[in-house]
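The values are calculated or read from the model by the stated rules, or taken from the named source; none is laboratory data. Computed from a predicted model, the values in this text were never measured in an experiment. For neighbour counting, all protein chains shown are included, and Cβ atoms are generated from backbone atoms with ideal geometry for every residue, glycine included. Side chains are part of the model used for accessible areas, which takes the heavy atoms of the whole protein and leaves out ligands, DNA and RNA. Shrake-Rupley method; radii C 1.70, N 1.55, O 1.52, S 1.80 Å.
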2 protein chains.
Amino acid sequence: MKKLINDVPDVVAESLAGFGRAHADIVKVSQDPRFVSRADGPVQGKVGLVSGGGSGHEPLHAGFVGKGMLDAAVPGEVFTSPTPMPIVEATKAADGGAGVLHIVKNYTGDVLNFETAADLVAAEGITVRSVVTNDDVAVQDSLYTAGRRGVAGTVLVEKIAGAAADRGDDLDAVTAVAERVNANVRSIGLALTDGTVPHAGEPGFVLPEDEIEFGVGIHGEPGRERIKLEPADRLVDRMMDAILTDLSFDGSQVLLFVNGMGGTPLSELYILFRRAAEVLDERGITLSRSLVGNYVTSLEMQGASISLLKLDDELTQLWDAPVHTAALRWGL
Amino acid sequence: MKKLINDVPDVVAESLAGFGRAHADIVKVSQDPRFVSRADGPVQGKVGLVSGGGSGHEPLHAGFVGKGMLDAAVPGEVFTSPTPMPIVEATKAADGGAGVLHIVKNYTGDVLNFETAADLVAAEGITVRSVVTNDDVAVQDSLYTAGRRGVAGTVLVEKIAGAAADRGDDLDAVTAVAERVNANVRSIGLALTDGTVPHAGEPGFVLPEDEIEFGVGIHGEPGRERIKLEPADRLVDRMMDAILTDLSFDGSQVLLFVNGMGGTPLSELYILFRRAAEVLDERGITLSRSLVGNYVTSLEMQGASISLLKLDDELTQLWDAPVHTAALRWGL
């Protein structure tokens with residue numbers, strides 16, 4: 001295993017320590033219990049947003065803590081759900097008296113531990129709602145999931161719901177916006193290579209030089225099928241087909257998000273973007289907003305996902321609203 | 001070779017086409033001759049900034065075109081200098097009547113071709129100055145370079161000189177700022193694995209599982225030595241030693257930039273940042289500004305570089321000034 005780390009058990013703590021140091025103007029890092037919260041939080045009177053899940057998907061979620069997005073994030077060990085206790089503390093740190101929304105990717109451990117935490121903080125008088133994201137069209141059930149997996153679309157839920165909270169929406173309204181984004185976003189990924197979890201010391205899967213995992217999960221979970229590596233345009237066509245047959249985007253304005261899995265050059269993500277935008281043109285779908293980069297990664301996996309979000313005027317306005325986090329920033 | 005591409009000869013053109021589509025609000029892409037310029041450019045009365053070089057280092061340089069940074073960028077083929085003709089056209093596209101500054105990484109081909117282009121546009125009445133960046137302390141001469149190589153510090157030169165141009169400095173003043181940044185920044189990199197140039201089809205070098213290239217160049221050029229892979233903290237100590245023995249930063253305020261080479265997880269970059277910041281503490285150097293991410297890459301190379309820039313009040317103010325590019329954005 002070739003990694004820029006020290007001792008394996010210290011990977012998450014040391015990475016977060018560096019993250020906190022680099023972005024001390026935006027975040028505070030608590031190591032025990034482990035969570036990240038806004039440096040200027042909690043914001044009194046604002047609905048708090050909390051997300052979390054296993055580490056290894058950076059910048060998700062800690063990179064999205066800050067004004068206009070999350071109030072706190074709870075990173076577990078690599079590819080391992082955080083336990084309820086740090087979720088409880090993060091929820092308290094995010095609570096400005098207007099209630100807290102948990103944004104949870106649909107993985108069985110995450111859902112269970114966020115539910116337990118929500119019950120615990122409810123007992124202390126904090127109102128908690130939860131939205132479970134499940135944007136991955138690849139498979140119905142998966143290695144760690146009943147139902148569809150929550151993947152890159154989660155970033156869009158966090159940004160847009162964060163903007164709703166920032167403009168002063170109440171907990172019901174912020175929850176409704178988050179649910180609306182989740183209902184209108186679809187994603188699918190593929191992998192050329194797998195990343196290596198430090199504790200494991202070797203990749204979860206090794207593919208022949210001419211094969212890819214189509215529909216891969218962000219923990220390297222199996223997708224729809226292993227297929228031969230094809231030209232990028234053909235792969236994008238397959239991905240767009242999977243998305244567009246799952247939900248009709250006909251006549252819509254959309255946000256097109258090409259996400260890198262961590263080990264793919266940015267230049268390749270733009271090659272995928274180019275073809276995906278052409279497919280939108282061919283289908284009469286209007287490209288309105290774009291996001292391209294490594295936002296929901298799987299360590300150093302080589303691969304990418306495409307997400308498509310149906311926009312309306314309100315969602316567009318909330319997407320455009322100012323945001324100031326380590327990984328997404330504009331207008332501030 | 002496992003890549004998300006179509007035909008090898010189309011890689012740069014297709015990637016730029018996607019880039020232009022994704023960021024149509026910021027840039028215009030010309031394919032023949034090949035250059036990227038500001039969507040709203042040229043800005044009349046403002047000094048124009050142009051950079052360029054081989055592709056494969058994305059987001060450098062096209063990702064830094066926009067308000068507050070570059071006016072145009074000229075991407076060559078992968079790891080190949082652009083020819084003079086597109087540099088000429090990019091320079092004209094950047095010219096708002098106040099002259100143009102070329103920011104050139106110190107590689108023999110880049111320097112030569114930018115010089116030729118400068119001579120050609122001078123003949124058309126455009127005043128051109130040039131700053132050659134050479135921040136890499138690893139080696140004196142290298143595979144493609146006489147003198148030191150220009151590496152990640154170039155981003156800092158582009159940002160800060162771009163802010164100087166944006167506030168209305170004249171060509172002499174912008175050139176002086178760019179030279180001042182270059183004189184005060186030092187960098188060094190290392191690689192665990194090499195990237196694969198599409199035309200070559202295989203990595204430029206393959207290292208044993210327990211070896212790294214210390215002082216590697218951004219084209220995989222040899223560095224100082226091949227050493228055994230060590231814990232990240234020990235590697236950072238070596239890198240910081242190389243930087244701090246080259247230039248005294250004692251008592252300074254600094255910008256610490258940990259740059260990923262393309263295939264390294266963000267979490268590992270923060271592990272490096274953590275230790276680098278500790279070294280600053282130990283040396284009595286004040287961490288004032290931070291940048292962490294994949295900004296000057298070498299395709300999917302696993303590795304990282306550290307850059308340290310000595311700040312003064314003016315450079316800090318220019319760093320903080322608003323910028324709106326595809327890859328760096330704040331305040332706008």
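Things worth noting here:
- Residue ID - surrounded by the fewest Cβ atoms within 10 Å (Cβ to Cβ), chosen from residues in the stretch A:238-276 that are among the charged types (D, E, K, R), under 22 Å from A:Val296 (Cα atoms) and away from chain B (no Cβ under 12 Å): A:Asp241
- Condition met for A:Asp233 (over 21 Å from the mean Cα position of the chain (by Cα), among the charged types (D, E, K, R) and at the interface with another protein chain (Cβ under 8 Å from one of its Cβ atoms)): yes
- Residues that are open to solvent by 30 Å² or more (accessible area, probe 1.4 Å) and of a type in the set (A, V, I, L, M) were ranked within the stretch B:14-59; the one that is nearest to the other protein chains (Cβ to nearest Cβ) is B:Ala17.
- Residue match in the stretch A:188-197 (condition: within 14 Å of another protein chain (Cβ to nearest Cβ), in contact with a Pro (Cβ under 6 Å, 6 or more places away or on another chain), surrounded by fewer than 22 Cβ atoms within 10 Å (Cβ to Cβ) and among the hydroxyl-bearing types (Ser, Thr, Tyr)): yes
- Taking the stretch A:198-209 as the range and being out of contact with any helix residue (DSSP H, G or I) (no Cβ under 6 Å at 6 or more places or on another chain), open to solvent by less than 40 Å² (accessible area, probe 1.4 Å) and on the phi < 0 side of the Ramachandran plot as the test, the residues that pass are A:Phe205, A:Leu207.
- Among (1) within 14 Å of chain A (Cβ to nearest Cβ); (2) in a helix (DSSP H, G or I); (3) hydrophobic (A, V, I, L, M, F, W, C) - the single one B:Ala73 does not satisfy: (2)
- For the residues B:Ile212, B:Ile218, the requirement of being surrounded by 22 or more Cβ atoms within 10 Å (Cβ to Cβ) and in contact with a His (Cβ under 8 Å, 6 or more places away or on another chain) singles out B:Ile218.
- Close pairs (6 angstrom Cβ cut-off, 6 or more residues apart or separate chains): over 28 Å from B:Ala161 (Cβ atoms) in the stretch B:176-205, aromatic (Phe, Trp, Tyr) anywhere: B:Asp194/B:Phe205; B:Val197/B:Phe79
- Among the residues making up the stretch B:108-144, those that are free of Cβ contacts under 8 Å to residues at least 60 places away in the same chain and open to solvent by less than 10 Å² (accessible area, probe 1.4 Å) are B:Asp110, B:Ala117, B:Val121, B:Val131, B:Thr133.
- Number of residues in the stretch B:309-329 that are within 14 Å of chain A (Cβ to nearest Cβ) and buried (at least 22 other Cβ atoms within 10 Å of the Cβ) equals 4.
- When restricted to residues that are open to solvent by less than 10 Å² (accessible area, probe 1.4 Å) and either modelled with pLDDT under 95 or basic (Lys, Arg) (or both), the stretch B:146-165 contains 2.
- Residue, nearest to the chain's Cα centre (by Cα), within the stretch A:277-296, restricted to residues that are small (Gly, Ala, Ser) and at the interface with chain B (Cβ under 8 Å from one of its Cβ atoms): A:Ser290
- Residue check, A:Leu332 of a type in the set (A, V, I, L, M), surrounded by fewer than 20 Cβ atoms within 10 Å (Cβ to Cβ), in contact with a Lys or Arg (Cβ under 8 Å, 6 or more places away or on another chain) and within 9 Å of another protein chain (Cβ to nearest Cβ): yes
- Hey, B:Phe64 surrounded by 23 or more Cβ atoms within 10 Å (Cβ to Cβ), closer than 26 Å to A:Ala276 by Cβ, away from chain A (no Cβ under 14 Å) and not acidic (Asp, Glu) or not: no
- When residues in the stretch A:4-60 are screened for being among the acidic types (Asp, Glu) and touching a residue at least 12 places away in the same chain (Cβ under 8 Å), 3 of them pass.
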